[in-house]
Amino acid sequence: MSATSRRTALFCGLAAGVGGVAAAGCTGSDPAPVATTTASRAAGATAYRPFRGVHQPGIADDPQPYAAFVAFTLLGGSDRASLRRLLTIWTDDIERLMSGRGTIVDQEPELASVTAQLTVTVGIGPRVPGLAGAPAPAWLAPLPAFAQIDRLDPRWGQADLLLQICAASPTTLAHAQRRLITAAGDLVRLGWVQRGFREPFAGGGSGLPMRNLFGQVDGTVQPDVHGIDAGLLWVGDNGPAWLRGGAGLVLRRIAMDLDTWDRVDRGSRENATGRRLDTGAPVTGRALTDAPDLDAVDDLGFHRIDDAAHLRRAHGTAPHERFLRRPYSYDDPPEEGTLSNSGLLFAAYCADPARQFVPVQRRLAELDLLNLWTRPIGSAVFAMLPGASDGEILGQALVA
Ligand code: HEM
């Protein structure tokens, strides 16, 4: 059965099951690309990012302003064949959506025509390699507990599958999310959806720094993943063959207490990270990209970058203790009795989270001034699949 007929069968089956709602899309013919409106073109609507390649998009490329992390649980009875079916469908749909074409059963292809730099990146959780009969890397497991700081809510916990959807338009994002959730049909149960946003920091640096909701320039110090540090990001020959070219993702939902942060004076705020709030420069330097001087002392002999400052504690103590940070802010409706429900979708990507990420997180759990105002409430680890080359589906080497 070809990929197209397999998915047509699935969808027509689904459509029939719900009274033929989607039957219009079950002819097997592709909807024609739809002309983009002037208004949507104004927002860079036709800018698109390539889907195919050695790596999936959405990791090393510049973060778009909006993101949704969408988690799923595989239903009982899932196996390699059902996984292959799902990845075949998603590959086709993602490629279409990223190139501005509606999916086969798209009822709103006009929305798909606004590509807005859409990327969709697929990850799998710890249970999945076993279901596919493939070896799992040791790091693909929930993180160890960090009892000092973790206040994890199971609502934001580990899942089997992840879609990371990023775009410059929230409408494009919402449409892609909806299409991909419905495409998964009865193969999965939808878990959490975490939505975030970010704006590039206008003050310099690469595309990575942004301002988080504490007003800090965040995402400045990064490994050179396009150059000499590529091996820190992408799984290489020492990982399972199906994951080469992929990466680990640690996604932590970290609540930021804006109400108590509001009461902190500017000097103490800067002291908490060791960086200035205006330029993002280290308190020992002048420019954003100046290297912090961890040895500098003041007149009294105290370190100018506090011993408990986030910068000092997070700084890798070995060359491998580094990872790519691509955070998004969230600002959800306050829950009863609170004035804010805000924080960071802290997304860290690296080849081996146990070796690269965990030592840093352990250090921060032990001591970090930022802990006074931050609280991890969600945590999950995923293996982001390698990219799909021409003719391949995502996860080809896992489920073939
Ligand atoms: C809400 C939580 C957090 C906030 C608000 C925050 C904020 C910041 C800020 C403002 C910086 C300085 C600028 C930069 O280099 O990006 C920074 C640096 C950094 N953060 Fe965080 N961060 C948070 C959580 C974490 C977590 C959970 C980790 C890892 C476990 C982490 C790892 C790092 C690293 C590695 C650096 C760069 C350190 C260096 O200069 O070498 N951060 N963070």
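The values are calculated or read from the model by the stated rules, or taken from the named source; none is laboratory data. Computed from a predicted structure; not experimentally measured. Positions of Cβ are backbone-derived with ideal geometry, glycine not excepted, and every protein chain shown enters the neighbour counts. Only protein heavy atoms, including side chains, enter the accessible area calculation; ligands, DNA and RNA are left aside. Shrake-Rupley method; radii C 1.70, N 1.55, O 1.52, S 1.80 Å.
Remarks
- Within the stretch 337-360, the only residue that satisfies the criterion of being assigned to a helix (DSSP H, G or I), touching a strand residue (DSSP E or B) at 6+ places or on another chain (Cβ under 9 Å) and open to solvent by 20 Å² or more (accessible area, probe 1.4 Å) is Ala354.
- For the stretch 293-315, filtering for residues that are more than 30 Å from Ile165 (Cβ to Cβ), within 11 Å of the ligand (Cβ to nearest atom) and open to solvent by less than 40 Å² (accessible area, probe 1.4 Å) leaves 3.
- Considering the stretch 212-242, the residues that are closer than 12 Å to Ala351 by Cβ and part of a helix (DSSP H, G or I) include one that is nearest to the chain's Cα centre (by Cα), namely Leu233.
- Going through (1) within 12 Å of the ligand (Cβ to nearest atom); (2) of a type in the set (D, E, K, R); (3) open to solvent by 20 Å² or more (accessible area, probe 1.4 Å) one by one, Asp331 falls short only on (1).
- Every residue from the stretch 224-259 that is touching a helix residue (DSSP H, G or I) at 6+ places or on another chain (Cβ under 7 Å), more than 26 Å from Glu392 (Cβ to Cβ) and not basic (Lys, Arg): Val250
- Residue tally, condition open to solvent by less than 10 Å² (accessible area, probe 1.4 Å), within 11 Å of the ligand (Cβ to nearest atom) and not in a strand (DSSP E or B), over the stretch 244-265: 1
- The number of residues in the stretch 275-307 that are charged (D, E, K, R) and either farther than 21 Å from Gly219 by Cα or outside any loop (DSSP other than H, G, I, E, B) (or both) comes to 5.
- Among the residues listed as Ala202, Ala230, the single one being of a type in the set (A, V, I, L, M), within 27 Å of Thr279 (Cα to Cα) and more than 14 Å from the ligand (Cβ to nearest atom): Ala202
- In the stretch 316-325, residue surrounded by the most Cβ atoms within 10 Å (Cβ to Cβ) [restricted to those that are within 11 Å of the ligand (Cβ to nearest atom) and at pLDDT 95 or above]: Phe323
- Options Arg275, Arg286, Arg269, Arg263; residue that is basic (Lys, Arg) and in contact with a strand residue (DSSP E or B) (Cβ under 9 Å, 6 or more places away or on another chain): Arg275
- Filter pass, Thr289 being of a type in the set (Val, Ile, Thr), within 12 Å of the ligand (Cβ to nearest atom) and exposed (fewer than 15 other Cβ atoms within 10 Å of the Cβ): yes
- Enumeration of residues in the stretch 321-336 that are of a type in the set (Asp, Glu) and assigned to a strand (DSSP E or B): Asp331
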